[in-house]
Amino acid sequence: MYKEYTMDQLSLPMDLQEDIPENHLVRVINDAVNRLDMNLFTKAYPGGGRDSYHPKMLMKVIIYAYTQRIYSSRQIAKAVRENIMFMWL
């Protein structure tokens, strides 16, 4: 149904966990979205077609982008490629 999504799927020579402070906003958003019931997403998704990105991952990225005043989908895509906080999500 969804593309496989794990927090440790990114392979870099460094551990991103170490670069993000314990009380950083990105960790708060991650914890809050992880607590959401998955049924909220599965009810809205009709299925079929290719596998989608995991809705919790997308929600985390969009919420964090909005808190950073990034609203354009192109700017969000760029941030995901270049910003460690976005990569961690």
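Values in this text are rule-based calculations from the coordinates and carry no lab data. Everything quoted here is computed from the prediction, not taken from an experiment. No Cβ is skipped: glycine too gets one built from the backbone with ideal geometry, and neighbour counts run over all protein chains shown.
Hey, with R₀ at 25 Å, roughly what FRET efficiency would Lys78 and Ile20 work out to, going by the Cβ-Cβ distance, to 0.05? That gives a FRET efficiency of 0.80. Near Val33, once Lys and Arg are set to +1 and Asp and Glu to -1 for all other residues with Cβ below 9 Å from its Cβ, the sum equals +2. Rounded to the nearest 500, the helix-only mean residue ellipticity at 222 nm of the chain stands at -14500 deg cm²/dmol, with each DSSP H run of n ≥ 4 adding -39,500 (n - 2.57). Across the chain, the mean sequence separation of Cα contacts (distance under 8 Å, 6 or more residues apart), normalised by length, yields a relative contact order of 45 percent.
If you count Lys pairs in the chain whose Cα atoms are under 16 Å apart, skipping same-chain pairs closer than 8 places in sequence, the total is 4.
Starting from the amide H of His24, placed 1.01 Å from N in the peptide plane, find each other amide H under 5 Å away whose residue is 5 or more places distant or on another chain. Hits under the 5 Å cutoff: none.
Within the set (i) 67, 21, 16; (ii) 35, 27, 19; (iii) 37, 26, 23, the number that Cα extents along the principal axes in Å takes when calculated for this structure is listed as (iii).
Axis of helix 25-34 versus longest Cα principal axis of the chain: the two differ by about 20°, to the nearest ten degrees.
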